[in-house]
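Taking it in order: structure first as structure tokens, then the write-up.
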Amino acid sequence: LSEPVNILYEAGFRCLPDQEKWDLNIVVSNSRLCELERFYQPSLIVEGAYYPLDMLGIYASAALKRAGVFNISSNSYQEYISLGIHYRW
């Protein structure tokens, strides 16, 4: 088995550039931290954040990508959701 040469990338589009308290981004990436295999396949990610305070906010994202080599389910895609606290400076 061999895999193609890997180039890590992340490209995104900011949907709410004029909003102070809200962020909404659409991202295509192959370099997310929780992905463990098939880095050459891109993920489609929608991420958003709400900042009730100036520098501290609530973050959520949802991602979709092709399933990995050891996929046993009937679906050939994998989805994941992440929630957290976001700090900006």
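The values are calculated or read from the model by the stated rules, or taken from the named source; none is laboratory data. Quick caveat: nothing in here was measured; it's all calculated off a predicted structure. Cβ coordinates were reconstructed from backbone atoms using ideal geometry, including for glycine residues, and neighbour counts include every protein chain displayed. Heads up: the accessible areas ignore ligands, DNA and RNA and are worked out on the full protein's heavy atoms, side chains in. Shrake-Rupley method; radii C 1.70, N 1.55, O 1.52, S 1.80 Å.
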Self-check item: Selection within region 41-66 - of a type outside the set (A, V, I, L, M, F, W, C), open to solvent by 70 Å² or more (accessible area, probe 1.4 Å), under 20 Å from TRP89 (Cβ atoms) and touching a residue at least 12 places away in the same chain (Cβ under 8 Å)
Solution: TYR50
Quiz item: Taking region 11-43 only, how many residues are at pLDDT 80 or above and under 19 Å from ALA67 (Cα atoms)?
Solution: 7
Quiz prompt | Selection count where residues are farther than 14 Å from TRP22 by Cβ and in a loop (DSSP other than H, G, I, E, B), scope region 40-67 | solution = 5
Self-check item: Residue list for region 6-20, restricted to those being open to solvent by 90 Å² or more (accessible area, probe 1.4 Å) and touching a residue at least 24 places away in the same chain (Cβ under 8 Å)
Solution: LEU8, GLU20
Self-check item: Hey, ARG66 modelled with pLDDT of 90 or more and under 18 Å from the mean Cα position of the chain (by Cα) or not
Solution: no
